[in-house]
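A quick write-up on the structure given underneath.
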Amino acid sequence: MSSVSSLVAFLSRRAVLSAVAATALAAGLCGAQPAQAQTPVRFTLDWRFEGPAALFLMAIEKGYFKAEGLDVTIDTGNGSREAIPRVASGTYDAGFGDVNSLIRFRDENPTIDLKAVMMVYDKPPFSIVGRKSRGVTADVKSLEGKKFGAPAADAAFAQWPIFKTVNKLDDSKIRLENVGFPVREPMLASGEVDAVFGFANSSYINLKSRGVPVDDIVVMLMSDYGVELYGNVVMVSPKFAAEKPEAVRGLLRAITKSVKDTVANPELGAQLVIKRNDVAKVEVELERLKMTLEQNVMTSWVKANGFGGIDKARWDRALDQIGLTFTFKDKAKAGAAFTDAFLPASAERVF
């Protein structure tokens with residue numbers, strides 16, 4: 001072979017090898033692309049890493065968010081009402097908060113089309129928790145003449161005007177004291193107040209853990225006393241919903257699987273909470289989680305109709321109840337606070 005022919009052959013081999021290398025590099029880049037394409041999502045809880053947070057943490061543990069192309073960061077919250085401005089402002093893409101406060105927020109901020117996209121607490125954990133030794137019983141009239149610990153930012157306290165109206169209570173006989181979340185149950189345990197407003201899955205468990213005898217604790221779930229409101233929802237920012245609707249759908253698919261797995265294995269759910277909250281006790285958070293699942297998530301309506309949606313007739317009745325103590329500027333617009341457009345198919349939500 002002439003020197004010219006040898007040079008041509010050498011260059012041809014170089015070209016082939018370069019092409020192969022380029023192809024391999026491109027394949028490698030394509031293989032890495034899903035990680036690069038993960039959509040970051042900032043998600044705020046309503047409260048600390050306690051039992052109910054497992055409903056969302058399970059999706060991280062099982063890789064459900066990642067499988068949907070989402071890189072979800074879950075942060076703690078400061079109350080189910082405060083999740084709303086966090087998401088409305090775009091500081092968070094999505095969050096877990098009180099739908100009744102969301103409805104009021106929409107009426108007060110009509111230019112912000114913040115919506116709930118998934119119902120999680122079909123029955124709200126809004127409750128009044130008192131002590132028999134302080135004269136509180138299951139009879140709602142026993143609340144008259146009592147002193148309440150009432151955190152201003154608490155979603156349960158926000159429903160007090162509805163509760164007292166529906167139950168015809170004379171609140172002139174009731175003393176309300178604004179207290180911080182950290183001292184709410186300690187004040188009730190020490191007898192400084194007779195009852196507190198709070199979530200049943202929080203206040204009841206916290207009182208037990210402080211040594212208050214179970215038979216001395218009275219839990220009045222507002223839903224058992226004529227209050228037809230819904231509870232906590234997943235909400236997404238208007239910007240996130242408009243710009244990344246498929247990411248919203250993926251988020252809800254992952255959360256649906258997460259809730260299903262938590263229902264099936266609450267013990268694992270409690271362990272996931274403990275990983276992120278080193279002062280929590282697994283037996284306490286497991287009880288809190290099971291209580292939440294039984295009372296708020298897996299209701300008879302959800303078992304019959306599937307997780308994540310709403311009953312329109314009940315929604316309308318809830319709006320009417322909100323209107324008992326809140327003057328709507330535009331009830332229809334405020335009430336359009338829920339959309340099922342991003343929910344998974346019905347068959348995926350029955351479990």
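Just so it is clear, none of the values below were taken in a lab; they were calculated from the coordinates. The structure presented is a predicted model; accordingly, all values stated were derived computationally and were not measured. Every residue, glycine among them, receives a Cβ derived from its backbone with ideal geometry; neighbour counts consider all protein chains shown.
Please arrange ASP139, ASP216 by counting, for each residue, the other beta carbons lying within 10 Å of its beta carbon, fewest first.
ASP139, ASP216
Give or take rounding to whole Å, what are the principal axis extents of the alpha carbon atoms in region 126-224, in descending order?
33, 26, 23
Run the helix sum for the chain: -39,500 (n - 2.57) per DSSP H stretch of 4+ residues, divided by residue count, reported at 222 nm to the nearest 500 deg cm²/dmol.
It lands at -14000 deg cm²/dmol.
Using a basic spin-label model with each label point 7 Å from the Cα along Cα→Cβ, how many nm lie between ASP215 and THR137?
1.6
In nm, what is the difference between 0.36 nm times the number of residues separating ALA153 and ALA304 and their Cα-Cα distance?
51.0 nm
Sort LYS244, LYS333 so that the residue with the fewest other Cβ atoms within 10 Å of its own Cβ comes first and the one with the most comes last.
LYS333, LYS244
Between their Cα atoms, which of LYS239/LYS260; LYS141/LYS168; LYS303/LYS333 are more than 20 Å away from each other?
Too far apart for the 20 Å limit: LYS239/LYS260; LYS303/LYS333.
On a C-alpha basis, how far is the centre of region 72-126 from the centre of region 130-163 in Å? Whole number, if you could?
Using only Cα atoms to place each centre, the spacing works out to 25 Å.
Using a simple spin-label model with points 7 Å from Cα along the Cα→Cβ vector, what separation in nm is obtained for GLU246 and GLU192?
Roughly 5.4 nm, to one decimal.
How large is the Kirkwood hydrodynamic radius of the chain, in angstrom, based on all distinct alpha carbon pairs?
22.1
Which of the pairs LYS244/LYS281; LYS244/LYS331; LYS290/LYS331 have their Cα atoms more than 30 Å apart in this structure?
Where the Cα-Cα span goes over 30 Å, the pairs concerned are LYS244/LYS281; LYS290/LYS331.
Could you pull out every one of the aspartates and glutamates with an alpha carbon less than 16 Å from that of LYS132, ignoring same-chain neighbours closer than 8 positions?
Answer for LYS132, where 16 Å is the Cα cut-off: GLU144, GLU185, GLU192, ASP194, ASP215, ASP216, listed by chain and number.
Roughly how far apart, in whole Å, are the Cα centres of region 238-299 and region 177-225?
About 24 Å separates the Cα centre of region 238-299 from the one of region 177-225.
Would you list ASP93, ASP171 from fewest to most Cβ contacts within 10 Å?
Ascending number of Cβ neighbours within 10 Å: ASP171, ASP93.
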